[in-house]
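S.K.: This is the structure I want to talk about, given as structure tokens.
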Ligand SMILES: Nc1ncnc2c1ncn2[C@@H]1O[C@H](COP(=O)(O)OP(=O)(O)O)[C@@H](O)[C@H]1O
Ligand SMILES: O=P(O)(O)OC[C@H]1O[C@](O)(COP(=O)(O)O)[C@@H](O)[C@@H]1O
Ligand SMILES: [Mg+2]
């Protein structure tokens, strides 16, 4: 396929490493004599015609920056048939041969809606949530987990000093991966995640057992998909008889410099997205599976369910006795 000009946008929640992906896309395109337009503020900016040319220099000094230099959005209008049609027409007006969408599971459905109208799209999974089944990791997840770990270590100091239970609420929408990975790395005593419907009485019985065995404090990881920590504090305190506090880590999980892992993931995915376009391998998604980067059909990516890692969950239960 002849490729003269492509577009790139970031969509949904920003994620550390999105800039590294933009950089890789632009540099790979420029290397191959392809022009790049950056579209600001995701699908909203596409409809509002917020296009700006990107050169090799425009993406200098961004590999280590969190957030997204193109900015992002959640667009209700784009989700309507009229919104998608309007957006597809903008792609035609600007003569873009393909569009790279960096975003999460919502954005990949948005990309699919554009592809149904004849736009060539390639999706790069970028979200801290790690909630896309087709890829083992999404850009930003590793950094978000590291940020959570850093914060939890600080909470652990005060938790230990007061013999308290501390609930740490993390992001992830309907996915418990941030809670589970950070919980594993911090030796959390309990996990409350949407994938596992464990009665609170059962969780508290385990917490009491730990305290009876001499554990001085406990970290309880709570995924936001299970509710707010404030609703759990009085219940856990009552069921365990141990003073309980809580913290919502909030947006600090979304910011900051990307980890080495996310920079590498983003660089490979950006590089491969442009190569896929040059090969005509469009309406696709770049994924990493079992340590290998692959380009798979977008329909297949959308249809791939996120499989819960039961083995990891079981291991965490064993290690946290
Ligand atoms: N089913 C859909 N059809 C078309 N566009 C969608 C669809 N779902 C989401 N989008 C678009 O993608 C944007 C980002 O999705 P969202 O779920 O908020 O974030 P993420 O892509 O990070 O999961 C939405 O604001 C909307 O404009
Ligand atoms: O930024 P907002 O609109 O408050 O959204 C918060 C949501 O965004 C996330 O941080 C990232 O989700 P997406 O990548 O799907 O946009 C979720 O973990 C959280 O539920
Ligand atoms: Mg999402």
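S.K.: Return the FRET efficiency for the residue pair residue 32, residue 60: r is the Cβ-Cβ distance, R0 is 30 Å, and the value is rounded to the nearest 0.05.
M.R.: Working: r = 19 Å, r/R0 = 0.63.
After rounding to 0.05, the efficiency reads 0.95.
S.K.: Per residue of the chain, what 222 nm ellipticity follows from adding -39500 (n - 2.57) for every DSSP H run with n ≥ 4, rounded to the nearest 500? Could the numbers behind the result be given before it?
M.R.: Details: 11 runs with 137 residues, N = 321.
Rounded to the nearest 500, the figure is -13500 deg cm²/dmol.
S.K.: Another one. Taking the alpha-carbon set of region 195-264, what are its Rg and Dmax in Å?
M.R.: Answer for region 195-264, Rg first and Dmax second: 15.5, 46 Å.
S.K.: Build a GNM of the chain with springs between Cα atoms under 10 Å: which of 298, 249, 200 gets the top mean-square fluctuation?
M.R.: 200
S.K.: With everything on Cα atoms, drop me the angle between helix 177-186 and the longest principal axis of the chain, reported from 0 to 90° to the nearest 10.
M.R.: So the inclination is approximately 50 degrees.
S.K.: What is the Cα convex hull volume of region 142-254 when expressed per residue in Å³? Provide the component values of the computation, followed by the final result.
M.R.: Values: hull volume 9.5 nm³, N = 113.
Cα convex hull per residue, to the nearest whole number: 84 Å³.
S.K.: If you fit an axis through the alpha-carbon atoms of helix 81-93 and take the longest principal axis of the Cα set of the chain, what angle between them do you get, 0 to 90°, nearest 10?
M.R.: 50
S.K.: Please state, as a whole number in µm²/s, the translational diffusion coefficient that the Stokes-Einstein equation yields for region 1-40 at 20 °C and 1.002 mPa s, with Rh defined as the Kirkwood radius across alpha carbon pairs. Please report the intermediate quantities before stating the final value.
M.R.: Details: Rh = 10.9 Å.
Diffusion coefficient, whole number: 197 µm²/s.
S.K.: Also, I was wondering about something else. State, to one decimal in nm², a quarter of the convex hull surface area for the C-alpha atoms of region 15-133, i.e. the direction-averaged projected area.
M.R.: On the way: hull surface 28.2 nm².
The number I arrive at for region 15-133 is 7.0 nm².
S.K.: Please arrange 14, 309 by counting, for each residue, the other beta carbons lying within 10 Å of its beta carbon, fewest first. Can you show the working numbers first?
M.R.: Values: 14 25, 309 15.
Placing the least packed residue first, the sequence is 309, 14.
S.K.: Now a separate question. For the residue pair residue 205 and residue 290, what label-to-label distance in nm results when each label sits 7 Å from Cα along the Cα-to-beta-carbon direction?
M.R.: 3.9
S.K.: Would you calculate the separation in nanometres between label points at residue 312 and residue 4, each defined as 7 Å from the Cα along the Cα-to-beta-carbon direction?
M.R.: 4.6
S.K.: Over region 1-116, what relative contact order in percent results from Cα pairs under 8 Å that are six or more residues apart? Walk me through the intermediate numbers first.
M.R.: Numbers: 211 pairs, mean separation 44.0, N = 116.
RCO, region 1-116: 38 percent.
S.K.: Note the angle between two axes, namely the Cα long axis of helix 310-319 and the longest principal axis of the Cα atoms of the chain, as a number of degrees from 0 to 90, rounded to the nearest 10.
M.R.: Taking the Cα atoms of the chain, the angle to 310-319 is about 30 degrees.
S.K.: Any number yet on Rg/Rh for region 81-149, C-alpha, Kirkwood? Let's see the in-between values first.
M.R.: Working: Rg = 14.3 Å, Rh = 13.1 Å.
The Rg/Rh ratio comes out at 1.09.
S.K.: For the chain, set up a Gaussian network in which alpha carbons nearer than 10 Å are linked by springs, and say which option among 263, 173, 23 fluctuates the most.
M.R.: Answer for the Gaussian network model of the chain: 173.
S.K.: Nearest-5 percent of antiparallel DSSP beta bridges in the chain? Could the numbers behind the result be given before it?
M.R.: On the way: 10 of 42 bridges.
Approximately 25 percent, going by the DSSP bridge assignments.
S.K.: Once you've got the GNM for the chain with C-alpha springs shorter than 10 Å, pick whichever of 53, 199, 234 has the biggest mean-square fluctuation.
M.R.: Highest fluctuation among the options: 199.
S.K.: When only C-alpha pairs under 8 Å and at least 6 residues apart count, what is the relative contact order of the chain, in percent? Before the final figure, lay out the partial values.
M.R.: Details: 716 pairs, mean separation 73.8, N = 321.
This gives 23 percent for the chain.
S.K.: Could the peptides 69-75, 102-108, 278-284 be put in order, highest first, of the mean number of other beta-carbon atoms found within 10 Å of their residues?
M.R.: On the way: 69-75: 19.6, 102-108: 25.7, 278-284: 17.9.
Final packing ranking: 102-108, 69-75, 278-284.
S.K.: Neighbour counts of other C-beta atoms within 10 Å: give me 155, 236, 62 arranged from fewest to most.
M.R.: Values: 155 20, 236 24, 62 17.
Result, fewest neighbours first: 62, 155, 236.
S.K.: Please tell me the relative contact order of region 142-254 in percent, rounded to the nearest whole number, where contacts are Cα pairs under 8 Å and at least six residues apart.
M.R.: Details: 198 pairs, mean separation 45.3, N = 113.
40 percent.
S.K.: What share of Cα pairs, in percent, lie more than 35 angstrom apart in the chain? Intermediate values should be presented prior to the final figure.
M.R.: Working: 14003 of 51360 pairs.
The answer is 27 percent, as a whole percent.
S.K.: Also: Just want the ordering: 37, 251, 229, from fewest to most Cβ atoms lying within 10 Å of their own Cβ. Show your work: numbers first, answer last.
M.R.: Values: 37 19, 251 10, 229 23.
Least to most surrounded, the residues fall as 251, 37, 229.
S.K.: Follow-up question, since we're still on this one. Note the full-extension length gain between residue 261 and residue 149 as 0.36 nm times their separation in residues minus their Cα-Cα distance, in nm to one decimal.
M.R.: Numbers: separation 112, 0.36 × 112 = 40.32 nm, distance 1.55 nm.
Fully extending the segment from residue 261 to residue 149 adds 38.8 nm.
Each reported figure results from applying straightforward, stated rules to the coordinates on display, with no laboratory input. Just so it is clear, the model here is predicted, and its values are computed rather than measured. Cβ atoms come from the backbone with ideal geometry, glycine included; neighbour counts cover every protein chain shown.
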